[in-house]
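One structure below.
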Amino acid sequence: QVQLVESGGGLVQAGGSQRLSCAASGFTFSSYNMGWFRQAPGKEREFVAAMSRSGGSTLYPDALKGRFTISRDNSKNTVYLQMNTLKPEDTAVYYCAARRSGLAMDVIPPEYWGQGTQVTVSS
């Protein structure tokens, strides 16, 4: 069955960096656009980043451009999220997601979701 397993979360100080990983299985990874979302306590889930099947295209919300970078390794069935200059407001559960068609995961919800990994940024 489809599995998306996130890792790399934890506690980090403000201004620091963290890299999340998401290992995918149960589907043809290279045929899916991959993305990241996050959900902070008491808030709705929000789109963080997306990358096309080949890695040639990316999409970010304007507020996160320049600090967050998505990448993927199709040989390892893994997608990554590099987060730099972290702020306390980046504290959230981060979710990996997959969608076969359409990069705009901020508009059209993904088909598959991971269970999430907690990232806590201390001030």
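The values are calculated or read from the model by the stated rules, or taken from the named source; none is laboratory data. Source: prediction; values computed, not measured. As a convention, Cβ positions derive from the backbone with ideal geometry for all residues, glycine included, and neighbour counts pool all protein chains shown. Note: areas computed on protein heavy atoms with side chains; ligands, DNA, RNA excluded. Shrake-Rupley method; radii C 1.70, N 1.55, O 1.52, S 1.80 Å.
What the table below lists for this structure:
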| read-out | value |
| --- | --- |
| Test for residue 100: is it surrounded by fewer than 18 Cβ atoms within 10 Å (Cβ to Cβ), of a type in the set (D, E, K, R) and in contact with a helix residue (DSSP H, G or I) (Cβ under 7 Å, 6 or more places away or on another chain) | yes |
| Among (1) buried (at least 17 other Cβ atoms within 10 Å of the Cβ); (2) more than 14 Å from residue 118 (Cβ to Cβ), the one test that residue 63 misses | (1) |
| Given (1) buried (at least 20 other Cβ atoms within 10 Å of the Cβ); (2) without any contact (Cβ under 8 Å) to a residue 40 or more places away in the chain; (3) outside any strand (DSSP E or B), index of the condition residue 107 fails | (1) |
| Residue within the stretch 7-22 that is not in a strand (DSSP E or B) and not small (Gly, Ala, Ser) present | no |
| Pairs where the first residue, in the stretch 12-26, is at positive phi and surrounded by fewer than 17 Cβ atoms within 10 Å (Cβ to Cβ) and the second is part of a strand (DSSP E or B) and of a type outside the set (Phe, Trp, Tyr), C-beta under 8 Å, 6+ apart | 26/3 |
| Tally, over the stretch 33-46, of residues that are over 17 Å from residue 87 (Cα atoms) and either among the aliphatic types (A, V, I, L, M) or open to solvent by less than 20 Å² (accessible area, probe 1.4 Å) (or both) | 4 |
| Total residues in the stretch 73-90, condition touching a Lys or Arg at 6+ places or on another chain (Cβ under 9 Å) and not in a helix (DSSP H, G or I) | 11 |
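Conditions (1) in contact with a Phe, Trp or Tyr (Cβ under 9 Å, 6 or more places away or on another chain); (2) aliphatic (A, V, I, L, M), marked per residue:
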{"residue": "44", "(1), (2)": "no, no"}
{"residue": "58", "(1), (2)": "no, no"}
{"residue": "63", "(1), (2)": "no, yes"}
{"residue": "83", "(1), (2)": "yes, yes"}
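For every residue, the table says whether it meets (1) within 22 Å of residue 10 (Cα to Cα); (2) within 11 Å of the chain's Cα centre (by Cα).
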site	(1), (2)
44	yes, no
73	no, no
82	yes, yes
117	yes, yes
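Yes/no matrix, rows are residues, columns are (1) among the acidic types (Asp, Glu); (2) at pLDDT below 95; (3) in contact with a strand residue (DSSP E or B) (Cβ under 7 Å, 6 or more places away or on another chain):
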residue	(1), (2), (3)
30	no, no, no
46	yes, no, yes
98	no, no, yes
106	yes, yes, yes
117	no, no, yes
